[in-house]
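The values are calculated or read from the model by the stated rules, or taken from the named source; none is laboratory data. Small disclaimer: the values here were computed from a predicted structure and weren't measured. Cβ coordinates were reconstructed from backbone atoms using ideal geometry, including for glycine residues, and neighbour counts include every protein chain displayed.
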Amino acid sequence: MAAWIQTENSPISLPAFFTSLSPAETFAVGKNLAPLLQKGSIVALKGPLGAGKTCFAKGIACGLGVTEEVTSPTYTIVSEYEAFPPAGPPAVMYHIDAYRLKGNDDFSAIGGEDIIFADGISLIEWSERIEESIPPGAVRVDIEIAEGGKRLIRIYCGHAET
């Protein structure tokens, strides 16, 4: 069963389910998740190409006070940003794109565990490619593309319920 997380600063309680009708709504859901995050948080994003994972990550970054432009780290694999979480001290936000990684061994080879277990906030796109490296307490975000271009966004903590 998924765990529940809630803070007085966030309108989101986990688990949560949203239907997004636009990139702006997907961004807003990400932004509203940000107050739940603090140093050491890991957000594992999963969804098909074009689902809105980077848009969601940009929303989180905005909610964390990141002032730099956030772009998809597909070719760099890891991008770092200075963040100012509402519920804590400044932190590094790591934006990781595992799309080009062949699995957990590749993630380890680039120092992935050192990054996600550092004292920052980690957002991992294509997290399903490195599933064994994602700790059980990570915040999970599954995004599906539905009929009419809608996005179905499921946010929970821990492993998916089967």
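Here are the numbers for this structure:
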item: From Val141, Val70, residue being among the β-branched types (Val, Ile, Thr), assigned to a loop (DSSP other than H, G, I, E, B) and surrounded by 13 or more Cβ atoms within 10 Å (Cβ to Cβ); result: Val70
item: Subset of the stretch 110-129 that is at pLDDT 95 or above and among the aliphatic types (A, V, I, L, M) - its residue that is farthest from Leu21 (Cα to Cα); result: Ile121
item: Residue list for the stretch 97-123, filter: aliphatic (A, V, I, L, M), under 19 Å from Tyr75 (Cα atoms) and out of contact with any helix residue (DSSP H, G or I) (no Cβ under 6 Å at 6 or more places or on another chain); result: Ala109, Ile110, Ile115, Ile116
item: Residues satisfying the stated conditions in the stretch 52-67, i.e. part of a helix (DSSP H, G or I) and of a type in the set (S, T, N, Q); result: Thr54
item: Enumeration of residues in the stretch 129-138 that are in a helix (DSSP H, G or I) and crowded, with 21+ Cβ neighbours inside 10 Å; result: Ile130, Ser133
